[in-house]
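The values are calculated or read from the model by the stated rules, or taken from the named source; none is laboratory data. Just so you know, these numbers come straight off a predicted model, no measurement behind them. Reconstructed Cβ throughout: ideal geometry from the backbone, glycine too, with neighbour counts over all protein chains shown.
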Amino acid sequence: MHKIQKQTAWWIFVLVGIGVLSRLIPHMYNFTPLGAIALFSAAYVGRKSLSLLVPIITLWISDILLNNFLYSEYVSGWGRWFGFGWSYLGFILIVGLGWLALKKINLWTVLGSSVAASVVFFLVSNFGSWLGSTLYAQNTSGLLLCYAAGIPFFWKTLAGTVFFSLVFFNSYEWSSSRKLIWEKA
């Protein structure tokens, strides 16, 4: 069985806390560390099942708090316990992307993965918004319109994922090896 290092376990708890808090405090839409947390867990959490759970638990805890306290008058039934299912799928796919792309940690793999993660989340979440929506026609034109409407949110997702990935990956690498990711070949 793969043991998780004490330092990695500490980081997991810290990142879940940061991820939950980031969704509860006022922030620019979609500028959150959730994509970076998914990539970080893919890169540093040894067990694949646990690396999937880190972003899912972060999203789930914050969904419970948001849906039961902040948005309680708008949300009922299962919605109180789970948020937008397509977001969960998006973060699961980002972890999978991280498994493939972050076998070697350096500036270019972190930046490339951050961009790719933002694109994956944009495609999945907007597809989910379009599917069954009454706002958009259920055809190709409606889907494209939904994607076009999501572009302003994409830039904020991209900025948040890149920013937090650089902070998290550099912090972890500095704490473990006294090197930053751009110092690694």
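Points worth noting:
- Checked against (1) modelled with pLDDT under 80; (2) closer than 19 Å to residue 118 by Cα, residue 69 meets all criteria but (2).
- For residue 169, the stated conditions do not hold, so it cannot be described as at pLDDT 95 or above, touching a Pro at 6+ places or on another chain (Cβ under 6 Å), in a helix (DSSP H, G or I) and crowded, with 16+ Cβ neighbours inside 10 Å.
- Qualifying residue in the range 73-80 (condition: under 21 Å from residue 40 (Cβ atoms) and either outside any helix (DSSP H, G or I) or touching a residue at least 24 places away in the same chain (Cβ under 8 Å) (or both)): no
- If you check 110, 124, 95 for being more than 29 Å from residue 6 (Cβ to Cβ), at pLDDT 95 or above and among the β-branched types (Val, Ile, Thr), only one passes: 124.
- Taking first residues from the range 82-110 that are surrounded by 19 or more Cβ atoms within 10 Å (Cβ to Cβ) and partners that are of a type in the set (Lys, Arg) and part of a helix (DSSP H, G or I), the Cβ contacts under 9 Å between residues at least 6 apart in sequence or on separate chains come to 95/48.
- Top-ranked residue of the range 1-36 - restricted to ones that are of a type in the set (Ser, Thr, Tyr) and buried (at least 16 other Cβ atoms within 10 Å of the Cβ), ranked as nearest to residue 122 (Cα to Cα): 32
- Odd one out for residue 54 among (1) buried (at least 23 other Cβ atoms within 10 Å of the Cβ); (2) touching a Gly at 6+ places or on another chain (Cβ under 7 Å): (2)
- Here residue 39 fulfils each of the conditions (1) under 16 Å from residue 93 (Cα atoms); (2) touching a Lys or Arg at 6+ places or on another chain (Cβ under 6 Å) apart from (2).
- Residue 39 being more than 12 Å from the chain's Cα centre (by Cα) and surrounded by 16 or more Cβ atoms within 10 Å (Cβ to Cβ): no
- Residue match in the range 140-152 (condition: farther than 13 Å from residue 43 by Cβ, assigned to a helix (DSSP H, G or I), within 13 Å of the chain's Cα centre (by Cα) and not basic (Lys, Arg)): no
- Residue 133 passes every criterion in (1) free of Cβ contacts under 8 Å to residues at least 40 places away in the same chain; (2) assigned to a helix (DSSP H, G or I) apart from (2).
- The range 153-166 - residue that is surrounded by 23 or more Cβ atoms within 10 Å (Cβ to Cβ) and among the β-branched types (Val, Ile, Thr) and, of those, farthest from residue 33 (Cα to Cα): 157
- Considering 22, 49, the condition of being closer than 19 Å to residue 94 by Cα and modelled with pLDDT under 90 is satisfied by 49 alone.
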